[in-house]
Amino acid sequence: MQIDKMKQRMDAASGKEMADLLIKNATVADVFNHEFIKTDVAVKDGEFISMGTRQAKEVIDAEGMYLIPSFIDSHVHIESSMVGPSEFAKVLLPHGVTTVIADPHEIANVSGADGIQFMLDQSENLPLDVRIMLPSSVPAAVFEESGAVLRKEDLEPFIHHPRVLGLAEVMDYPALLNGDPDMLHKINMAASHSMPIDGHLAGLKEDMIDLYRAAGVRTDHEVNTAKEAADRIQRGMYVQIRQGSVAQNLPAVISAVNQRNSRRFIFCTDDKHLDELKREGSIDHLVRLSIAKGIDPMTAIQMASLNAAECYGLHKKGAIAPGFEADFIMTDNLQTIPVRRVFRKGNEAAADGQVFTWDWKVPSKVKRNLLDTVHMAKFSEEQLALPIESGKKVPIIEIIPNQLITKKRLEKTSVKGGYFSPDIQQDHLKLVAAERHRSTGKIGVGIVKGFKLKHGAIAASISHDSHNIMAVGTNDKAIHAAIERLCELKGGMAAADQNGAILAELALPIAGLMSDKPYEEVMRRMEAIHHSLAALGFEEGFNPFVMLSFLALPVIPDIKLTVNGLFDVNTFTLVSY
């Protein structure tokens, strides 16, 4: 069958047989010679078969339009959009993204191998090509309280799946540094199949870059400065420039890109909420930002397509040329890159912001165990108390808006009756991490600075990467009410006023991470939650739910809160008050 199709493409290329599609009069991006050429392009059986005029069943006149390769997101957690793969595809395709390299470690931290299988099943037969990297670090660190543990033998059954590409971000750097056998076996498993291995080098020094490279790690998306980018490029890595909902690194990193090294840069979103994907886009947004920062449009297009394809061994993607999959975008402006039409394997998938979904075949059934993942022991407001000594400087987590890293501060705070009392004037709020997988009753309590809530509390069952429940607020009653509501919803997001009344909520019953509803309904719920923030006195220029979701991740400096307590990432130790 494959030989028959190859013969048909060859006959169409030589003119012996009709092509399926001919795009005439287009200005085509030649990402190999780094130039635009005026030519016709022909497609047969989902692949480009010629750069020139051919007889075709369908003809599109692209006069005045540019044809550019469609975009590839080189590292994304689909779960962070809070919808499943099919709804995610509906949002992404109109933005010209036709391929994503997805790491399902969010759902894997909750549901293990069943979570990986769910993401594979739900992304089958979509016009969005979803490739999977197998989670390397579930949990993210050995002391984490996640819902599952994935070892090498748990990953092996997936290794031969046609859409599995390699091993996802190696986050547990102490395991790598100490030569943990299971981590080494996972890396060797990928290497023995010539598969790429992703890195996660947040805050690590140059000697650790060497360690990761010695282990065969190829990429890093935790790059915050141009200097860090240069250090990784120097060692032969690919730098994934990231612009998501929290980590917005492109403005600081893009200056590292030049004519000599641009082929080692690719783009990713990592974690991005649904409303922001819909409003500003995905990789197309990064392309536009790069061009606005002075990057040549062809270079930006190349970074968003060919570079990513080559990094991950997707040899038929990333270019408009014979032998490549016919995944492309039609645009009429090389500065702002408006996505007019999107094609996947020669079939139109979206146009002018609208996606075509008439032939999608998506499994609708979700296993019951994925819909029942919030198992939290009953708790009282009294368990949220944080005893501290009056007049003593205590460790405080200071958030940095739109960054994953935090700062460790030592400050005096408000104390009443020997317990911490949230102080609006100092912007010292109570932060809570509550275990929700096995009803252990573990609750970590700390102090956070930077949220600037004036009333009430917010809570979510999304907390990278173990996905316990996180909450922040101005009083225990509001925090308790918001957490209790999440338990009733079996996961989600909630905002409560000062008296504990729920102002808005979004149910996320699939692993406590994703909705089972259409994306339009999810967006309406999210909009209601964002509106409720005004009643809590929130007026800052960042998404507080997204910031909250990363305050439990103990592999990104400087200080985080886990269900076991405050954790100093730099020393990898728990910190007491």
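Annotation: of all residues in the range 396-426 being more than 34 Å from the chain's Cα centre (by Cα) and among the β-branched types (Val, Ile, Thr), the one that is farthest from Asp558 (Cα to Cα) is Val415.
So in the range 291-321, with the set limited to residues that are over 23 Å from Arg131 (Cβ atoms) and not charged (D, E, K, R), which one is surrounded by the fewest Cβ atoms within 10 Å (Cβ to Cβ)? In this case the residue turns out to be Gly294. So, Pro557, is that one farther than 21 Å from His455 by Cα, modelled with pLDDT under 95 and not small (Gly, Ala, Ser) or not? Spelling it out, Pro557 is indeed farther than 21 Å from His455 by Cα, modelled with pLDDT under 95 and not small (Gly, Ala, Ser).
Tell me whether the range 454-466 contains one or more residues that are assigned to a strand (DSSP E or B), more than 23 Å from the chain's Cα centre (by Cα) and more than 18 Å from Ser515 (Cα to Cα). Within the range 454-466 (the criterion being assigned to a strand (DSSP E or B), more than 23 Å from the chain's Cα centre (by Cα) and more than 18 Å from Ser515 (Cα to Cα)), the answer is yes, since at least one residue qualifies. The set of residues from the range 533-574 being assigned to a helix (DSSP H, G or I) and touching a Ser or Thr at 6+ places or on another chain (Cβ under 7 Å) comprises Val546, Ser549.
Taking every residue in the range 342-363 that is in the same structural domain as Leu120 (by TED's automatic domain parsing) and β-branched (Val, Ile, Thr) and pairing it with any residue that is assigned to a loop (DSSP other than H, G, I, E, B) and surrounded by fewer than 17 Cβ atoms within 10 Å (Cβ to Cβ), at least 6 positions away or on another chain, yields no pair with a Cβ-Cβ distance below 8 Å. Does the range 19-40 contain at least one residue that is more than 30 Å from Ser364 (Cβ to Cβ) and either assigned by TED's automatic domain parsing to the domain that holds Ile116 or among the aromatic types (Phe, Trp, Tyr) (or both)? Looking for residues that are more than 30 Å from Ser364 (Cβ to Cβ) and either assigned by TED's automatic domain parsing to the domain that holds Ile116 or among the aromatic types (Phe, Trp, Tyr) (or both), one finds at least one in the range 19-40, hence yes.
So, of the residues in the range 254-269 that are outside any helix (DSSP H, G or I) and not β-branched (Val, Ile, Thr), which turns out to be nearest to Val100 (Cα to Cα)? Across the range 254-269, the extreme among qualifying residues is Cys268.
Give the residues of the range 229-247 that are surrounded by 23 or more Cβ atoms within 10 Å (Cβ to Cβ) and over 19 Å from Phe550 (Cβ atoms), sorted by residue number. The answer is Ala229, Arg232, Tyr238, Val239.
The sole residue among Ile23, Ile78, Ile72, Ile49 that is touching a Ser or Thr at 6+ places or on another chain (Cβ under 7 Å), among the aliphatic types (A, V, I, L, M) and either surrounded by 24 or more Cβ atoms within 10 Å (Cβ to Cβ) or in contact (Cβ under 8 Å) with a residue 60 or more places away in the chain (or both) is Ile72. The set of residues from the range 97-124 being assigned to a loop (DSSP other than H, G, I, E, B) and either in contact (Cβ under 8 Å) with a residue 60 or more places away in the chain or of a type outside the set (Gly, Ala, Ser) (or both) comprises Asp103, Pro104, Glu124.
When Ala482, Ala534 are screened for being surrounded by fewer than 18 Cβ atoms within 10 Å (Cβ to Cβ), hydrophobic (A, V, I, L, M, F, W, C) and under 23 Å from His273 (Cβ atoms), only Ala534 passes.
Residues in the range 125-167 that are within 25 Å of Ile462 (Cα to Cα), touching a residue at least 60 places away in the same chain (Cβ under 8 Å) and surrounded by fewer than 16 Cβ atoms within 10 Å (Cβ to Cβ): Phe143 alone. When the test is whether a residue is within 26 Å of Asn402 (Cα to Cα), without any contact (Cβ under 8 Å) to a residue 60 or more places away in the chain and of a type in the set (Val, Ile, Thr), Ile266 does not pass it.
The test for being on the phi > 0 side of the Ramachandran plot, of a type outside the set (Phe, Trp, Tyr) and crowded, with 23+ Cβ neighbours inside 10 Å holds for Asp270.
The values are calculated or read from the model by the stated rules, or taken from the named source; none is laboratory data. All values reported here derive from a predicted model rather than from experimental measurement. Note that we place each Cβ from the backbone using ideal geometry, even for glycine, and neighbour counts take in every protein chain shown.
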